[in-house]
1. Out of all the residues in the range A:41-73, which are of a type outside the set (A, V, I, L, M, F, W, C) and not in a strand (DSSP E or B)?
2. Inside the range B:1-47, can you point out the residues that are within 11 Å of chain A (Cβ to nearest Cβ), hydroxyl-bearing (Ser, Thr, Tyr) and part of a strand (DSSP E or B)?
3. Answer with yes or no whether residue A:28 is small (Gly, Ala, Ser), over 21 Å from residue B:103 (Cα atoms) and outside any strand (DSSP E or B).
4. Condition first: surrounded by 19 or more Cβ atoms within 10 Å (Cβ to Cβ) and more than 17 Å from residue B:97 (Cα to Cα). Can you find one or more residues in the range A:41-57 that meet it?
5. Among the candidates B:95, B:62, B:105, which residue alone is farther than 20 Å from residue A:38 by Cβ and within 12 Å of another protein chain (Cβ to nearest Cβ)?
6. Among the residues of the range B:73-83, count how many are surrounded by fewer than 23 Cβ atoms within 10 Å (Cβ to Cβ) and either over 13 Å from residue B:19 (Cα atoms) or within 14 Å of another protein chain (Cβ to nearest Cβ) (or both).
Amino acid sequence: GQNIDQPTEMTATEGAIVQINCTYQTSGFNGLFWYQQHAGEAPTFLSYNVLDGLEEKGRFSSFLSRSKGYSYLLLKELQMKDSASYLCAVRDEGTNAGKSTFGDGTTLTVKP
Amino acid sequence: DTGVSQDPRHKITKRGQNVTFRCDPISEHNRLYWYRQTLGQGPEFLTYFQNEAQLEKSRLLSDRFSAERPKGSFSTLEIQRTEQGDSAMYLCASSRKNYGYTFGSGTRLTVV
């Protein structure tokens, strides 16, 4: 099975940088995803890491260390609209490849 | 790409009644997933299809839950003899191999 840990809540200031951490213990690993979920809406895909290192996409970057079971999502130049829940998800390997297990999310509040 | 569609958006039902939800995935996606989400929690895996084959069903689910994906197109999720604990947002997602999920807007079920 999968066990995924993320902080429950974080607060940051508009224009700043924030890092949201995710640690996982898994019986199999075939990639790690980050999703953004605004209140009352469905999650939307942000990033995907399968190899160690940093993936950058605009203001958002995601890092993965498979040996440490660790990832982070880095948000730069924070905007008010970035206030949302950020979900870390790990995809299974093998015959179940495709299925992902989600953490409970980190609720980010961006303040003026 | 018209996105993932779910119907209905909201459903209120009396305890003990049966309910059925429908999901229309993105046509190019051969993988379809059902998840359930309650407030403050991450999405919880229910079941997963690759084309018309149901590859996995969560052991957390009772026999009251069943899902189908005839002809590998749309999917239905049925809950029989609903209980108050079934109240949640039911999310459908689709994907291609090695890609992130595209979620539908969800069906919010309230059992009274």
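What follows draws every value from the coordinates through simple rules; no lab data is involved. Worth saying up front: this structure is predicted, and the values here are computed from it rather than measured. A quick note on method: Cβ atoms are made from the backbone with ideal geometry, for glycine too, and the neighbour counts reach across all protein chains shown.
1. A:41, A:43, A:52, A:58, A:59, A:66, A:67, A:68, A:69
2. B:33, B:35, B:47
3. yes
4. Checked against the condition, which is being surrounded by 19 or more Cβ atoms within 10 Å (Cβ to Cβ) and more than 17 Å from residue B:97 (Cα to Cα), the range A:41-57 yields at least one hit.
5. Result of the check over B:95, B:62, B:105: B:95.
6. So the count comes out to 2.
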